[in-house]
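Every number in this text was worked out from the coordinates using simple rules, so none of it is lab data. This structure is a prediction, so every number in the text was calculated from the model and none was measured. Neighbour counts are summed over all protein chains in view; Cβ atoms, including those assigned to glycine, are modelled from backbone coordinates with ideal geometry.
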Amino acid sequence: MTPASGLAEAFAVRIEAAARSAPLIVGLTGAQGSGKSTLAANLAPALATRGLRATVLALDDLYLTKSERRRLARLVHPLFATRGAPATHDVALGLEVLAGLGQARETLIPSFDKAADDRRPRDQWTRVAGPFDVIVFEGWCVGARPQPSAALAAPVNELERSRDPDGVWRAYANDALAGPYRPLFDPVAFQILLAAPSFEVVLGWRAQQEHDLIARGGAGQTDAELASFVQHYERLTRWIDAEMPTRADTVVRLGRAREVLSIQP
């Protein structure tokens, strides 16, 4: 049994106990490279052995198209051309998909091509037949709550200092969490957090992913490009790891090698 499958089995027991009314939306949250996708993929078969139909929706597949993000960059702030921060997802599409997965009908799950940095055409989306008992909604900021306004004043990294000195980008993203994202995240009834030991470790995880991609012949980012890209995620990643443990149903503390150090409660 792999570590991911073992963890999935442990969570399946807890989710089964929580799945009193369908569909149960499970929020699976964690920093980049923490193993969310692998755990989500293992959860569906683990739940199937308990008679629960489960499917996975990735927040990454809800990113706005490249043209939509460029328009947002022109109207609000240039940093919104880069996917990642709240306001760069299609919330209406996410709500439509989540609603469909709980009904006895076919639903198209969107797909985002990270290499092309754009959403794939609809004929390449995944077609699934509902209803599902459990929807695993996985993503780096699923279930995140906005920061207090005072916390936005000081930049957390060089990206914010040099490219968002007035705080327009981070304030707009924070307002998105406080408003448009609430109907998307509030239905999460069972929250899991994969907590990284530090943000510096997260950068290392992402670098490992890029190096593996390049080794397989893919078009990965250089270390310098990656270091800049990850800064778009730093503020909210740090906030989630500080705030979410106080209310998550389960917190998995990870070590530097992504080993499980503890599961709480």
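Note down the relative contact order for the chain as a percent, whole number, built from C-alpha pairs under 8 angstrom at least six residues apart. Provide the component values of the computation, followed by the final result.
On the way: 423 pairs, mean separation 65.1, N = 265.
This gives 25 percent for the chain.
Tell me the net charge near residue 66. Cut-off is 9 Å between Cβ atoms, residue 66 excluded, with +1 for each Lys or Arg and -1 for each Asp or Glu. Around residue 66, the charge tally is +1.
Count charges around residue 153 for me, please; just the other residues with Cβ under 13 Å from its Cβ, Lys/Arg as +1, Asp/Glu as -1.
On the way: positive: 161, 170, 235; negative: 160, 164, 166.
Neighbourhood net charge equals 0.
Sorting the segments 193-206, 66-79 by their mean number of nearby beta carbons within 10 angstrom, highest to lowest, gives 193-206, 66-79. Sorted largest first, the spans of the alpha carbon positions of the range 135-188 along the three principal axes are 40, 18, 14 Å. If you take the alpha carbon atoms of the range 103-155 and fit the smallest convex hull around them, that volume is 143 Å³ per residue.
How much length would be gained if the chain were fully extended between residue 224 and residue 74, taking 0.36 nm per residue of separation minus their Cα-Cα distance, in nm to one decimal? Show your work: numbers first, answer last.
On the way: separation 150, 0.36 × 150 = 54.00 nm, distance 2.53 nm.
Extra length from residue 224 to residue 74 when fully extended: 51.5 nm.
Angle of helix 199-215 to the longest C-alpha principal axis of the chain, folded into 0 to 90 degrees and rounded to 10: 80°.
Rounded to the nearest 20, the Cβ-based charge dipole of the chain about its Cα centre (Lys and Arg +1, Asp and Glu -1) stands at 280 debye. Based on Cα contacts under 8 Å between residues 6+ apart, the range 57-179 shows a relative contact order of 29 percent.
Return the calculated 222 nm mean residue ellipticity for the chain, to the nearest 500 deg cm²/dmol, obtained by summing -39500 (n - 2.57) across DSSP H runs with n ≥ 4 and dividing by the residue count. Mind dumping the intermediate values first?
Details: 9 runs with 109 residues, N = 265.
Calculated mean residue ellipticity at 222 nm is -13000 deg cm²/dmol.
Taking springs between alpha-carbon atoms closer than 10 angstrom, which of 209, 231, 32 fluctuates most in the Gaussian network model of the chain? Between 209, 231, 32, it is 209 that shows the largest mean-square fluctuation.
What per residue convex hull volume, in Å³, do the alpha-carbon atoms of the range 1-70 yield?
Values: hull volume 7.4 nm³, N = 70.
Each residue corresponds to 106 Å³ of Cα convex hull volume.
So, in Å, what gap is there between the alpha-carbon centers of the range 13-50 and the range 173-212? That distance is 16 Å. Whole-percent P(r), the range 3-264, all Cα pairs, 10 Å bins from 0: 7, 29, 38, 22, 4, 0.
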